[in-house]
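The values are calculated or read from the model by the stated rules, or taken from the named source; none is laboratory data. Note that this is a predicted model, so its numbers are computed, not measured. Counting neighbours? That spans all protein chains shown, and the Cβs are built from the backbone with ideal geometry, glycine included.
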Amino acid sequence: MQMRSGSGHGHSSQIQRRAFSSFVFSLRSALHHAEAGVQKAMNGISFPLPLLITLLLALAPVGARAQTSAPWPDDLVNHMTGQWELEGKILGRDAHHEVRAEWVLNHQFLNIQEKTAAGAPSSEHRYEASWFLGYDPVSERYVLHLLDVFGGRFSETLGYGTRDGNSIRFVFEYADGPFHTTYRWSPQSDTWQWLMEQKDKADKWTTFANLKLTRSPQ
């Protein structure tokens, strides 16, 4: 729940340039052979240039157009998969949510679906969110993208996180100040703590939410 939302760069640029050059070379070769095949098959029939380009791109090898990244394994994040019951305090108010987390998009992201539990008190504020938790191997940091009922304004800011043992601490640099979200796993009880902190007007860190996730009964 969240209502608010150097050298490595040079190395990455070199890799991207090499990959792009390889892609262009493969595409040119594919286009050359495809163009010859199309001209022979069409036996002199002319086509508009845009249509010809579309045909040639369609005939290019799939491997030359895109390469899918290998699935991302993470021994800590993997413990968050499954069905959970979330309870705790948000801005001092009780919260009862249902959470479901599963790997999506070729195992590149953990999608965390969160919503107010059906059995929550009617006085409780209704909430729903979808989190996408991934990892950037170039920058060597976690990435967290929040989409929730508060709309696109707060979804513009990504959280970047680092791991420390069994916890990952994310920093969201919002326009009105930084916001911290920490996921902490307890292996003894197989539970998670979600701790969210923000700075107040006096520039002091305060607790926004302190939540505990326990696995839902099977």
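General observations
- Only one of the listed residues (ARG100, ARG126) is assigned to a loop (DSSP other than H, G, I, E, B) and in contact with a strand residue (DSSP E or B) (Cβ under 7 Å, 6 or more places away or on another chain). That residue is ARG126.
- Residue in the stretch 185-206 that is nearest to PHE170 (Cα to Cα), counting only those that are out of contact with any strand residue (DSSP E or B) (no Cβ under 9 Å at 6 or more places or on another chain) and modelled with pLDDT under 95: LYS204
- Of the residues ALA209, ALA118, the single one that is within 20 Å of ARG100 (Cβ to Cβ) and either surrounded by fewer than 17 Cβ atoms within 10 Å (Cβ to Cβ) or at pLDDT below 95 (or both) is ALA118.
- Within the stretch 154-181, residues that are modelled with pLDDT under 95 reach partners that are of a type in the set (A, V, I, L, M) and loosely packed, with under 13 Cβ neighbours inside 10 Å with beta carbons closer than 9 Å, at six or more positions or on different chains, in the pairs THR157/ALA175.
- Scanning the stretch 90-106 for residues that are within 26 Å of PRO187 (Cα to Cα) and exposed (fewer than 14 other Cβ atoms within 10 Å of the Cβ) yields a count of 3.
- If you filter the stretch 129-172 down to residues that are in a loop (DSSP other than H, G, I, E, B) and of a type in the set (S, T, N, Q), you find that the one that is surrounded by the fewest Cβ atoms within 10 Å (Cβ to Cβ) is SER139.
- Test: residue in the stretch 63-76 that is farther than 15 Å from TRP185 by Cα, among the β-branched types (Val, Ile, Thr) and under 20 Å from the mean Cα position of the chain (by Cα): yes
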